[in-house]
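Peer 1: Have a look at the structure that comes next, please.
No value in this document is a laboratory result; all are computed from the given coordinates. Just so we're clear, the structure is a prediction, and the values are computed from it rather than from any experiment. So basically every Cβ, Gly included, is an ideal-geometry build from the backbone, and we count neighbours across all protein chains shown.
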């Protein structure tokens, strides 16, 4: 299949990307708008000797991932916003036990049952520790089908490299959009999983746990993990910059909003408006330096999100009051058009 | 001289830190003996729950995974699907399995997952200090039922083995008790049988063990064993509820 171009939905591309990355274990529970992922896996995984289990709940699914991952295999689950809330306990345990796993969130509108339209309402939950305790998690935010496929493959490597849960954060538009996709056969990276539970033949027993009751033990563990998160901050930042070098208005947007904002920036440039785009691909670690670099040249920032303002807080932290940071949001399933954003750009630029 | 008694290889050489009289130490040993007798220590992965048995990895001399409260049957599902030739068992208390984890146990049993669950029923939450469990007897005083468990508002204790036995898929379900030495040996044999079925790939196996918690019951160990053999067994009868290996075709 490698090198072949196919037409696929984002959800299917995510599933196929996982298979290409060597993931053979999928556990999940139905929820719209991500159902194509488990459906695809239910027929694809048996073809490659893998296992698909439709779990009784989101909670069970993430704990099946927990058990499989503890054995050293690549495992994943996917869901959408309300289901991801249910998985938070398990994500915290994965972080605590330092187990690699992929969690895909194809976001829908919230809070509560919300709706099934695309939304970016789970940025805080994904990047600020949706579960309890003091942990971080790598978060990738693809903005098209090819990028979703590629980032899923990368996510499995990074999960193993850092022994951490990794999230791919998409939304209903990404999941449901059909686009051409070039399949590839990634080079299999080998990771030492001496910690895995495989039966203790020829070695001392392994224990995988997240309880550290000894005096000062958990503090030491959390400080060690902090170093791991610092390594992620230093090495794993990914960000797309589009016409940002000479931009007067630096637009910051991720995922689907980033893709729409890119089209709006193109329209703006055609009209001689000096807008540029910064599109964070990793949401944790957040591309602070890219934002800070833009603050030296741009007069003003505009953050565009499909929510009421979440990533904007990270942009403001990075800008550190050096420049004004405006916000335009469409929550609850609202999706801005490029023309709509173009008007917003004009409004923002008049403030300069 | 022939050695006739020793610590099982499947137990580490450390003292148990359970409360005086608690069944966990003896039951850990029975599990370890069963594994030794089957010669599968190096192929075994145990699951420690949340509760008194969370420290199972301090005692068991084989690979152990610690899992969130109530979720061991889900984690066992993931493990067994990834490593079908390993002996995988969860060791869960009544709060873990019959309250917060009721969904996971029913569905794992119903899928016929090929692992073993050892369900320690001592009619209380031990680790957190003796609150009412789903298996607390009617009238039994706990820290959250100071006047005794009342049927009105708190319901009857749940008979998990009987409930799981209504499912078609489980292969073997037995309830035993730790109320006397003879029954402790019966418990070990039941665990060994469950493990043997699992190694043969037969499907879901479940051993419920009526256990004692003298500290939280407010009894001496001897009184607790009597209570286990008396009122507990009256409500939770011991016996085999399902054994497909014995079914005459």
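Peer 1: Relative contact order for chain A using alpha-carbon pairs under 8 Å, separation at least 6, rounded to a whole percent? Intermediate results must be reported in sequence, preceding the final value.
Peer 2: Working: 769 pairs, mean separation 63.5, N = 352.
After rounding, I find 18 percent.
Peer 1: Let me ask you something else. Would you mind ranking A:106, B:173 so that the residue whose beta carbon has the fewest other beta carbons within 10 Å leads the list?
Peer 2: By the 10 Å Cβ count, ascending: B:173, A:106.
Peer 1: If you don't mind, another one. Report the residue, chosen from B:195, B:119, B:55, that carries the largest GNM mean-square fluctuation when chain B is represented by alpha-carbon nodes joined by springs under 10 Å.
Peer 2: Comparing B:195, B:119, B:55 in a Gaussian network model of chain B, the most mobile one is B:55.
Peer 1: Right, another one. Tell me the label-point distance for the pair residue B:223, residue A:322, using the 7 Å Cα-to-Cβ offset, in nm and rounded to one decimal.
Peer 2: Roughly 7.2 nm, to one decimal.
Peer 1: With both partners inside the protein assembly as shown, how many of the DSSP beta bridges are antiparallel, as a percent to the nearest 5?
Peer 2: 25 percent
Peer 1: State the antiparallel share, in %, of DSSP beta bridges confined to chain A, rounding to the nearest 5.
Peer 2: Numbers: 12 of 45 bridges.
Bridges in chain A that DSSP calls antiparallel: roughly 25 percent.
Peer 1: Would you mind getting me the FRET efficiency between residue A:128 and residue B:244? Use the beta-carbon distance for r and R0 = 41 Å, nearest 0.05.
Peer 2: So, using R0 = 41 Å, E works out to roughly 0.25.
Peer 1: So, one more: Using a 10 angstrom cutoff on alpha carbons, build the Gaussian network for chain A and name the most mobile of A:177, A:164, A:32.
Peer 2: Answer for the Gaussian network model of chain A: A:177.
Peer 1: Additional query: Would you mind pulling out the separation of the Cα centroids of the stretch A:297-352 and the stretch A:7-72, in Å?
Peer 2: Taking the Cα centre of each part, the stretch A:297-352 and the stretch A:7-72 sit 35 Å apart.
Peer 1: Also, I was wondering about something else. Going by how many other Cβ atoms sit within 10 Å of their own, how do B:236, B:241, B:16 line up, fewest first?
Peer 2: Fewest to most other Cβ atoms nearby, the residues stand as B:16, B:241, B:236.
Peer 1: Working from Cα positions, state the angle (0 to 90°, nearest 10) between the long axis of helix A:36-47 and the longest principal axis of chain A.
Peer 2: Orientation of helix A:36-47: about 40 degrees from the principal axis.
Peer 1: Given the stretch B:24-240 reduced to its alpha-carbon atoms as identical point scatterers, what log10 I(q)/I(0) does the Debye formula return at q = 0.11, 0.12, 0.13 Å⁻¹?
Peer 2: Calculated log10 I(q)/I(0) at the listed q: -0.47, -0.56, -0.67.
Peer 1: What is the angle, in °, between the Cα long axis of helix A:217-235 and the longest principal axis of the Cα atoms in chain A? Nearest 10 is fine, range 0 to 90.
Peer 2: It is inclined by approximately 50 degrees.
Peer 1: Let me ask something else. Do the sum for chain A: with -39,500 (n - 2.57) for every DSSP H run of n ≥ 4, divided by all residues, what is the mean residue ellipticity at 222 nm, to the nearest 500 deg cm²/dmol?
Peer 2: For chain A, the value works out to -13000 deg cm²/dmol.
Peer 1: Contact order normalised by length for chain B, with contacts defined as Cα pairs under 8 Å and 6 or more residues apart; what percent is it?
Peer 2: On the way: 505 pairs, mean separation 48.6, N = 249.
Value for chain B: 20 percent.
Peer 1: Between the stretch A:159-193 and the stretch B:49-91, how many Å separate their Cα centres?
Peer 2: The stretch A:159-193 and the stretch B:49-91 have Cα centres separated by 28 Å.
Peer 1: Further question: What distance in nm separates the simple spin-label points at residue B:147 and residue B:234, each placed 7 Å from Cα in the Cβ direction?
Peer 2: 2.2 nm
Peer 1: Output the antiparallel fraction of DSSP beta bridges having both residues in the stretch B:24-240, as a percent to the nearest 5.
Peer 2: Taking every DSSP beta bridge with both residues in the stretch B:24-240, the antiparallel ones total about 15 percent.
Peer 1: How large is Rg/Rh for the stretch A:240-349, to two decimals, with Cα atoms and a Kirkwood Rh?
Peer 2: Working: Rg = 12.2 Å, Rh = 13.3 Å.
We get a ratio of 0.92 for the stretch A:240-349.
Peer 1: Say each of residue A:248 and residue A:340 gets a label point 7 Å from the Cα, pointing the same way as Cα to Cβ; how far apart are those two points in nm?
Peer 2: Roughly 2.5 nm, to one decimal.
Peer 1: Shape verdict for the stretch B:1-126, please, from the Cα gyration tensor: rounded (a/c under 1.5), prolate (a/b greater than b/c) or oblate.
Peer 2: The shape class here is oblate.
Peer 1: On a C-alpha basis, how far is the centre of the stretch A:197-240 from the centre of the stretch A:84-106 in Å? Whole number, if you could?
Peer 2: 14 Å
Peer 1: If you stretched the chain out fully between residue A:221 and residue A:116, how much longer would it get, using 0.36 nm times the residue separation minus the C-alpha to C-alpha distance?
Peer 2: 33.9 nm
Peer 1: If you line up the long axis of helix A:255-270 against the longest principal axis of chain A, both from Cα atoms, how many degrees apart are they, to the nearest 10?
Peer 2: Between the helix axis and the principal axis of chain A, the angle is about 30 degrees.
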